[in-house]
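The structure follows.
The values are calculated or read from the model by the stated rules, or taken from the named source; none is laboratory data. In this text the structure is predicted, and so the values were computed from the model without any measurement. No Cβ is skipped: glycine too gets one built from the backbone with ideal geometry, and neighbour counts run over all protein chains shown. Just so you know, the surface numbers come from the protein's heavy atoms only, side chains and all, with ligands and any DNA or RNA stripped out. Shrake-Rupley method; radii C 1.70, N 1.55, O 1.52, S 1.80 Å.
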Amino acid sequence: MKFYLEQVESVFKHVNSSENGLSAAEAEKRLAENGKNKLKEGKKKTMFQRVLEQLSDPMIIILIVAAVISAVTEWFEHGSFHFVFPTDTVIILVVVVINTVLGVVQESKAEAAIEALQEMSAAMSKVIRDGKLISVKSEDLVVGDVIVLEAGDAVPADCRIFESASMKIEEAALTGESVPVDKLINVLNGGDNGEVPLGDRKNMAYMGSVVVYGRGKAVVVGTGMDTEMGKIADAIAQAEEGQTPLQIKLAQLSKILTKLVLGICVVLLAYQMIVAYFGGTLDFSTFLNGFMVAVSLAVAAIPEGLVAVVTIVLSIGVTNMSKKNAIIRKLTAVETLGCAQIICSDKTGTLTQNKMTVVDHYGDDEALIAKAMALCCDAEIDSDGEVTGEPTEAALVNYANALGFNKNDLVAGAPRIGEAPFDSGRKMMSTVHQTAEGIIQYTKGAPDEILKICTGALVNGEVVPFTEEIKAAILADNKRMADQALRVLAVAFRKYDSAPADYSPAALENGLVFVGLTGMIDPARPEVKAAIEECRSAGITPIMITGDHKDTAVAIAMQLGIIEDASSAITGAQLDEISDEDFAERVTEFRVYARVQPEHKTRIVNAWRARGMITAMTGDGVNDAPSIKSADIGVGMGITGTDVTKNVADMVLADDNFATIVAAVSEGRRIYDNIRKAIQFLLGSNLSEVLSIFIATILNFTILKPVHLLFINLVTDSIPALALGLEKPERDIMQRKPRSSKEGVFAGGMGFDVFYQGALVTILTLAAFFIGEFLENGVWQFTNIDPAHCGEGMTMAFLTMSMCEIFHSFNMRSQRGSVLNMVFSQKSHNLVLYGAMVASLLLTTAIIEIPFLADMFEFTHLDTKAYFISIGLAFLVIPIVEVVKAIQRAASKNK
């Protein structure tokens, strides 16, 4: 039953109750049958499940496989496991543990959304049972209970109101509307489709809302999961969290690497066995040697440091963003925001200040308008100087305060001696004050109603008759303000010789003198317009979604530059009339959605995502939670946001500032750029290792051993790769269009770059090996080299490959830009990278030159000549890559 469309009598009949409430026995019976008035708890993941989820990541699996391979290698080489020195296996497993701990810590609070919803429910409620008013736990309420509501009470369940004394309920958490709703008891008109938006159901009170003014009685019609709050809780539970673009790309990369590793191992092992078979040397020893070569290739192909590098770079990004008031709850959310194409933002409290403010007025005497409005309201200034009370009235007190009229001083000079409280039927309130000049009455309310009871007007400081001309001028200005979506109030006064004997509305509200009008609105945040302009320059489309009225939404949206006219705005009721199929086609037509309900928000987010658009959703109210969870990245508000919203969000804005999102987008793009640089750098390195091992195997010699490859992967590659993650953003980062979510990991020519750079390092490494072999043996030899006589060649190959990677990390500061230009013209430096390059050089030199380390890695001491030949070969990677980049830039410019 749609209770808001039914007479009170029909509602009582439907729930089998009356104005006297239920009997205690009946309430107990219903509680046993239908359960407590609580929201279902979400299923919590155990710590083991969280850890298992982290370990099930494809890249983590590859790391674990690498650890196993390393252990097997050590067993075959030594006949046992040696753990005196931190072995490769231990190093890899430490990386796995660190990554897992980071992931679990970041996401450990993901299930708290439903708990926060439960905490919003009122703890105790006033209920009429057996004809008596008693207090019971809110969780023990049942359908049919009659509850009593007063100012300050949290509404404990969904109810149909049947008695209201100027009751106003604040429903911003559910509807997004900042102004409290005047509640009434009349039946509502359902319109053409027989439906009334949640924010317009004025004869209903919903769980999670708060009474801010007046009092009333209501009958409970829904408890627990059958409430509107329950629907939101259910939507949160059902909302699916898809993988982020980075997760998708890393998963794709891990599949490619896995297939590559297996393919190379099988092919190479088969090749060696075929050669051995036809050569008559096939035995177990040959198979073992062939297997070890295949293991070397597998170790070479797996970028052991990649997952750790990505995780640490994201973690550093989290720290940087927190300094800019963007708190990241999930690591992968950092880069996702960088590719956001759509930002669906709640209006109230996000684009606006969530604070009603007087921004316009009409009348000759603004001072009198402000003083009259402030005195004729119940908002007060507390001991801390803060204005408390209903938002509209608080705006009037702040208005007077801004003009130099403190409410407390005004009250001291004109204490209230009588009043006719606000009533939604009269749409006005009156207060009578004792002043030094005598008794004066101020009446404020809806302009149309105030004008009906005025007989005079204050013009140029004098009271003149209330003519049609004056009335027309007032109505014209009222329309002007209303057209700007301002909430307009009128104020008038009446003077007495002595205190009136009758303070009833009928006695007070007549023969008034019109003073003026005030226009108020929840204004846009001053910094948001610039933020939206920057979003547009970055190729991001802002969308406003609100529970507020269409006129208000359109006015704010036009002021901010989200839309140019009202044709791009639509209401929730209009959206209901559009099928999912049609909406999927027409979603690009709309930029503003007004009077929406929670399911609308999720539908809007899903429509954009269905078009392949990376969608962010910002908001603060409970009503935003399902859509925030459904979006690619959910952004909650830290100050005004509810716990529910913050707990399902990927990112929380500590300052509730929409402009902070722009900084987060820039940071996200920078981080993704840097992760791509790190991936390209690491994969190029791994390819050079694979090609070197493959060619050496074909030519029947050993160029590097598995332990050498692991050192390069985990030290001389990973340290500079981490430093690349700290690279500053390139100059045009916020002038680019968002990258496509379908863009592959090798997009933008990265696949070619990895190949040629890997091949280049391979050539330089092989050259170093052959030169080293020549220096040791005095002859040039390119095949069938005896492992016992190639120590210097292996050592030079290791040094050259390691230093190639160190120098190449300098190249990777920009995929296409000249790093020399960055350093000398733009004065752009990455001091951390420079430090990482020096550290890697020192570590590489140490394991070659320090005897016990050299023995452990089976290296030969290099003299000065061999050392600098290796360094010189490695350095060639910088000028060669610079030349290729210049050719690529020229080709791109011509294209």
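Out of Val648, Val662, report the one residue that is under 30 Å from Gly817 (Cβ atoms) and open to solvent by less than 30 Å² (accessible area, probe 1.4 Å).
Working: Val648 fails: under 30 Å from Gly817 (Cβ atoms).
So the residue among Val648, Val662 that is under 30 Å from Gly817 (Cβ atoms) and open to solvent by less than 30 Å² (accessible area, probe 1.4 Å) is Val662.
Please enumerate the residues belonging to region 840-864 that are surrounded by fewer than 13 Cβ atoms within 10 Å (Cβ to Cβ) and either of a type in the set (Ser, Thr, Tyr) or touching a Lys or Arg at 6+ places or on another chain (Cβ under 6 Å) (or both).
Across region 840-864, the qualifying residue is only Thr864.
Select from region 440-477 the residues that are of a type in the set (Val, Ile, Thr) and either open to solvent by less than 30 Å² (accessible area, probe 1.4 Å) or in contact (Cβ under 8 Å) with a residue 40 or more places away in the chain (or both) and list them in ascending order.
Listed by number, the residues that qualify are Ile440, Thr443, Ile450, Ile453, Thr455, Val459, Val463, Ile470, Ile474.
On the given criteria, is Ala797 over 30 Å from Ser892 (Cβ atoms), small (Gly, Ala, Ser) and surrounded by fewer than 21 Cβ atoms within 10 Å (Cβ to Cβ)?
Answer is no for this residue.
Of everything in region 385-405, what is assigned to a loop (DSSP other than H, G, I, E, B), surrounded by fewer than 21 Cβ atoms within 10 Å (Cβ to Cβ) and not hydrophobic (A, V, I, L, M, F, W, C)? Give them in sequence order.
Once the filter is applied, which keeps residues that are assigned to a loop (DSSP other than H, G, I, E, B), surrounded by fewer than 21 Cβ atoms within 10 Å (Cβ to Cβ) and not hydrophobic (A, V, I, L, M, F, W, C), region 385-405 yields Gly385, Glu386, Gly389, Gly404.
Sticking with this one: Restricting to region 193-229, what's the tally of residues that are touching a helix residue (DSSP H, G or I) at 6+ places or on another chain (Cβ under 8 Å), open to solvent by 20 Å² or more (accessible area, probe 1.4 Å), not hydrophobic (A, V, I, L, M, F, W, C) and not in a loop (DSSP other than H, G, I, E, B)?
1
Tell me, yes or no, whether region 547-563 has at least one residue that is among the hydroxyl-bearing types (Ser, Thr, Tyr) and at pLDDT 90 or above.
no
Do any strands (runs of 3 or more DSSP E) entirely within region 118-192 hold 2 or more residues that are buried (at least 18 other Cβ atoms within 10 Å of the Cβ) and modelled with pLDDT of 85 or more, and if so, which?
Because the criterion is at least 2 residues that are buried (at least 18 other Cβ atoms within 10 Å of the Cβ) and modelled with pLDDT of 85 or more, the strands (runs of 3 or more DSSP E) in region 118-192 that meet it are 124-129, 146-150, 158-170.
May I ask you to list the residues in region 719-730 that are open to solvent by 10 Å² or more (accessible area, probe 1.4 Å) and either within 27 Å of the chain's Cα centre (by Cα) or hydroxyl-bearing (Ser, Thr, Tyr) (or both)?
Quick first cut of region 719-730, residues open to solvent by 10 Å² or more (accessible area, probe 1.4 Å) only: 719, 722, 726, 728-730.
Within region 719-730, Leu722, Leu726, Lys728, Pro729, Glu730 meet the criteria.
Something else about it: Of everything in region 762-786 that's under 25 Å from Ile850 (Cα atoms) and in contact with a Phe, Trp or Tyr (Cβ under 7 Å, 6 or more places away or on another chain), which residue is modelled with the highest pLDDT?
Checking each candidate, the answer is Phe770.
Okay, next question. Which members of region 762-782 meet the condition of being open to solvent by 60 Å² or more (accessible area, probe 1.4 Å) and either of a type in the set (Val, Ile, Thr) or touching a strand residue (DSSP E or B) at 6+ places or on another chain (Cβ under 7 Å) (or both)?
Ile763, Val779 - these are the residues of region 762-782 that are open to solvent by 60 Å² or more (accessible area, probe 1.4 Å) and either of a type in the set (Val, Ile, Thr) or touching a strand residue (DSSP E or B) at 6+ places or on another chain (Cβ under 7 Å) (or both).
Hey, among the residues in region 610-640 that are without any contact (Cβ under 8 Å) to a residue 40 or more places away in the chain and over 11 Å from the mean Cα position of the chain (by Cα), which one's nearest to Val528 (Cα to Cα)?
Across region 610-640, the extreme among qualifying residues is Ile639.
Residues in region 262-269: is at least one at pLDDT below 75 and within 41 Å of the chain's Cα centre (by Cα)?
yes
Here is a further query. Answer yes or no: is there a residue in region 578-589 that is modelled with pLDDT of 90 or more, within 23 Å of the chain's Cα centre (by Cα) and of a type outside the set (S, T, N, Q).
Yes, region 578-589 contains a residue that is modelled with pLDDT of 90 or more, within 23 Å of the chain's Cα centre (by Cα) and of a type outside the set (S, T, N, Q).
Separate question: Which residues, taken from region 731-761, are open to solvent by 50 Å² or more (accessible area, probe 1.4 Å) and at pLDDT 80 or above?
Gln735, Arg736, Lys737, Gly748, Phe752, Phe755
Continuing with this model, one more query. Having 3 or more residues that are under 22 Å from Val605 (Cβ atoms) and open to solvent by less than 10 Å² (accessible area, probe 1.4 Å) is the bar; report the helices (runs of 4 or more DSSP H) wholly within region 518-591 that clear it.
By residue number, 528-537, 550-560.
Identify the residue in region 870-895 that is among the polar types (S, T, N, Q) and surrounded by 14 or more Cβ atoms within 10 Å (Cβ to Cβ) and, among all such residues, is nearest to Met803 (Cα to Cα).
Checked region 870-895; the qualifying residue nearest to Met803 (Cα to Cα) is Ser870.
With the requirement that a residue be in contact with a Ser or Thr (Cβ under 8 Å, 6 or more places away or on another chain) and farther than 23 Å from Met356 by Cβ, what does region 144-186 give you?
Gly144, Asp145, Val146, Ile147, Pro156, Ala157, Asp158, Ile185
Still on this model: Pull up region 679-716, narrow it to residues that are in a helix (DSSP H, G or I) and of a type in the set (Phe, Trp, Tyr), then point me to the one that is nearest to Ile848 (Cα to Cα).
Top of the filtered list is Phe711.
Tell me yes or no: at least one residue of region 365-384 is open to solvent by 60 Å² or more (accessible area, probe 1.4 Å), out of contact with any Leu (no Cβ under 9 Å at 6 or more places or on another chain), at pLDDT below 95 and in a loop (DSSP other than H, G, I, E, B).
Yes, some residue in region 365-384 is open to solvent by 60 Å² or more (accessible area, probe 1.4 Å), out of contact with any Leu (no Cβ under 9 Å at 6 or more places or on another chain), at pLDDT below 95 and in a loop (DSSP other than H, G, I, E, B).
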